[in-house]
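Enquirer: Sharing a structure below in structure tokens format, with a few things to ask.
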Amino acid sequence: MAPPDTTGATSKDATDATATGTFYNDHPFPTARSRRVWRWCILGVVMFIVFGLGLGLGLGYGLKKPARGFASPATDSDCPCADCPCEVEDPRPTIPTELPPWRLPDDEYHLSMDWDLDAAPTTRVYNFTVEEIQAAPDGVLRKMITINGKFPGPMIRANRGDRLMIHVTNELSEPTSIHWHGMFQYGSNWMDGTSGITQCPIPPGRSFTYDFLVDGQYGTYWYHSHFSTQYTDGMVGPLIIHAPEEAEARKEYDHDEVMMLQDWYHDESKDLLPAYLAPGNENKEPTPDNGLIQGTNTFNCSLYGKSSNRTCETNSTKAVFGVTQGSRYRYRLINVGSFAGFYFSVDNHTITVIEADATTVEPVEVHRISINIAQRYSVIVSANQPEASYFIRADMITTCFAQPNPVLDPLVLGILSYTETTDIPSSVDWDADAIVCQDFNSTLLTPSEVISAPAADVVYSFAVSFQIGAYALDRGFFNDTTWKSPTIPTINQAVDGMCNASTAHLFAAEGVSSGFSDNQLVVSVPKGQIVDLLIQNLDDGPHPFHLHGHEFWVMAQSPVPPTTGYFPWETYDSLNTTNPLRRDTLTIGPFGWALLRFEADHEGLWAFHCHISWHMEAGLLMQFMTGGPELAAIGIPDCVRELCDVDVDE
């Protein structure tokens, strides 16, 4: 048979190179160093002889040869003061006895196995204060945006059927909002937290309560700011939902922990964004300065040079995950970054994948897995090796970057420690794989709960591109529309427009809506319709796309590199509909395509956008309006509308 009518079609290894002993700031050398310099003069010579040049100077949690020609290890010439001897730090990885005030204890991200999966539904209340702090997750001090002054943010944990109430107070000097990534928001679209779409942002000095029922889902999720590029500056945290079905999976592991990966910048995103969006920039995204595991890493500040105004601290560490031999650990991996994907692995240990974006899958054992921005995977690691320390590797996929960063070491290392030993890991990586800009092969992942894809009622096809638009600005486009955040959220426009007799027909019509401004591409679909969404990527970079409020079936995806630039329509009738992978975030590679299918089963305005924060701010966002008449009948709560009554200069 022929495909449904197509609407909206376009015409157009080794060890860590970072050094903790060479940090400096505006002083000739750090104050802490000046107090110890003569002691270290003697000790430094002894340690230099003992450990040798092969180990390098100023170790943090190990050493690393320069990765792919980016950053080089520090040497004597990197001393802040030529007449002063370089301080040689103890090469053994130390676990700090006192955490910095902005860091939560590691056990805050451990999930107790005593949690009652069958508990009666209840209301779980959290209090969040959004505030700016000065912190140094990798040793480089910078201004950050945090929840309750902590980075990463606190974990939210609930059962399916629970009601979540998160009281948010905004103590920033700018607006904010929080998106609950992956939450379906049945009957509560206005709690999705998407600034300009489902709400006006929370003004400075004001509070707002996100109040919604967790229904029809469980698994690994996360939360983050959805105002401009704020989450790039630290406003992130894990969100875990449990259900009785999880009891079966629990038989396969003894411990349950969250592990967050991310790229990291030493400048505020609001300072980087204007340069990225400037005329003639040709879509050169800011390249990260570092990467973090569980919000921490080390960095060699001497790479910035003596003239740098950076303030560096010497107490940063690599993340350490303690294990007991014979135990099995579930790690809920979340890429909370803004630009970079990672290849994740643990030396000497295979990993068993059991979850992808909150979809439980049949176990698949692999050496490494790629995880792109906003994606989640749960992996089981069995502590079945000799007691020692082993490197955890999050290898940043730099082949996707438009420009290099000379200070970036793309190999982000953590420590899997059997005994919390202070030994430097001597483990080596698995055999090298090709590093490409793509997701883990979804055909290897079979959902444990069989839900086959129903036949589609309609197909919408959109081309993704970056174009030089008005005033020579480089903008992201779906077809010929580039998104800009409106002053009045689109949910308000839709509800009010459908309640107005003179404009109701503009919003009620099925297909691409004419009721919104030129900067809003909104597709109106009837509630209950099965939608096929074909995305053709005409850009030379990858895009991790996220659909709010839904999960989708991955019906088909181009290979990497693509053998053809366009979806082969002759294969449409033979697509696999038997239990394909379901998820909410999928990467479409350079010049690739993907066919996604979802059920528009609950009313609302739902964003579909690239999760690279720079790209979304460049306009790479569109929306689906599901069940417009039903949404208008429900209306918008007064507490949500009141956010728009405050005059805020965005």
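Enquirer: Pick out the one residue from Gln467, Gln536 that is surrounded by fewer than 18 Cβ atoms within 10 Å (Cβ to Cβ), assigned by TED's automatic domain parsing to the domain that holds Leu631 and assigned to a strand (DSSP E or B).
Expert: After ruling out the rest, the residue left standing is Gln467.
Enquirer: Here's a follow-up. Residues being in contact with a helix residue (DSSP H, G or I) (Cβ under 6 Å, 6 or more places away or on another chain) and part of a loop (DSSP other than H, G, I, E, B): count how many of those fall in the stretch 229-267.
Expert: Within the stretch 229-267, residues that are in contact with a helix residue (DSSP H, G or I) (Cβ under 6 Å, 6 or more places away or on another chain) and part of a loop (DSSP other than H, G, I, E, B) number 1.
Enquirer: So, in the stretch 297-332, how many residues would count as being among the aromatic types (Phe, Trp, Tyr) and part of a loop (DSSP other than H, G, I, E, B)?
Expert: Residues that pass the stated criteria total 1.
Enquirer: Further question on the same structure: As an exercise: evaluate Phe391 against (1) over 22 Å from Leu303 (Cβ atoms); (2) part of a strand (DSSP E or B) and give the number of the one condition it does not meet.
Expert: (1)
Each row is one residue, and each column tells you yes or no for (1) surrounded by 23 or more Cβ atoms within 10 Å (Cβ to Cβ); (2) closer than 18 Å to Asp439 by Cα; (3) within 17 Å of the chain's Cα centre (by Cα); (4) among the hydrophobic types (A, V, I, L, M, F, W, C).
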residue: Gly592; (1), (2), (3), (4): yes, yes, no, no
residue: Phe598; (1), (2), (3), (4): yes, no, no, yes
residue: His602; (1), (2), (3), (4): no, no, no, no
residue: Leu605; (1), (2), (3), (4): yes, no, no, yes
residue: His609; (1), (2), (3), (4): yes, yes, yes, no
residue: Met616; (1), (2), (3), (4): no, no, yes, yes
residue: Gly619; (1), (2), (3), (4): yes, no, no, no
residue: Met622; (1), (2), (3), (4): yes, no, no, yes
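Enquirer: If you don't mind, there's one more thing I want to ask. Test Ser502 against the stated conditions and say whether it is assigned by TED's automatic domain parsing to the domain that holds Phe545, surrounded by fewer than 16 Cβ atoms within 10 Å (Cβ to Cβ) and farther than 29 Å from Glu551 by Cβ.
Expert: Numbers: assigned by TED's automatic domain parsing to the domain that holds Phe545: yes; surrounded by fewer than 16 Cβ atoms within 10 Å (Cβ to Cβ): yes; farther than 29 Å from Glu551 by Cβ: yes.
For Ser502, the condition - assigned by TED's automatic domain parsing to the domain that holds Phe545, surrounded by fewer than 16 Cβ atoms within 10 Å (Cβ to Cβ) and farther than 29 Å from Glu551 by Cβ - is met.
Enquirer: Still on this model: Quick check: is even one residue across the stretch 351-362 crowded, with 21+ Cβ neighbours inside 10 Å, in contact with a Pro (Cβ under 6 Å, 6 or more places away or on another chain) and not β-branched (Val, Ile, Thr)?
Expert: No, there is no match, as no residue in the stretch 351-362 is crowded, with 21+ Cβ neighbours inside 10 Å, in contact with a Pro (Cβ under 6 Å, 6 or more places away or on another chain) and not β-branched (Val, Ile, Thr).
Enquirer: Using the structure shown, decide if Gly515 is assigned to a loop (DSSP other than H, G, I, E, B) and within 26 Å of the chain's Cα centre (by Cα).
Expert: Criteria not met by Gly515.
Enquirer: Assigned to a loop (DSSP other than H, G, I, E, B), on the phi > 0 side of the Ramachandran plot and either in contact with a strand residue (DSSP E or B) (Cβ under 9 Å, 6 or more places away or on another chain) or outside the structural domain of Ser177 (by TED's automatic domain parsing) (or both): is that true of Asn283 in this structure?
Expert: So Asn283 fits the description; yes.
Enquirer: Name every residue in the stretch 268-288 that is closer than 28 Å to Glu108 by Cβ and out of contact with any Phe, Trp or Tyr (no Cβ under 8 Å at 6 or more places or on another chain), in order of residue number.
Expert: Glu268, Ser269
The values are calculated or read from the model by the stated rules, or taken from the named source; none is laboratory data. The structure presented is a predicted model; accordingly, all values stated were derived computationally and were not measured. Cβ atoms come from the backbone with ideal geometry, glycine included; neighbour counts cover every protein chain shown.
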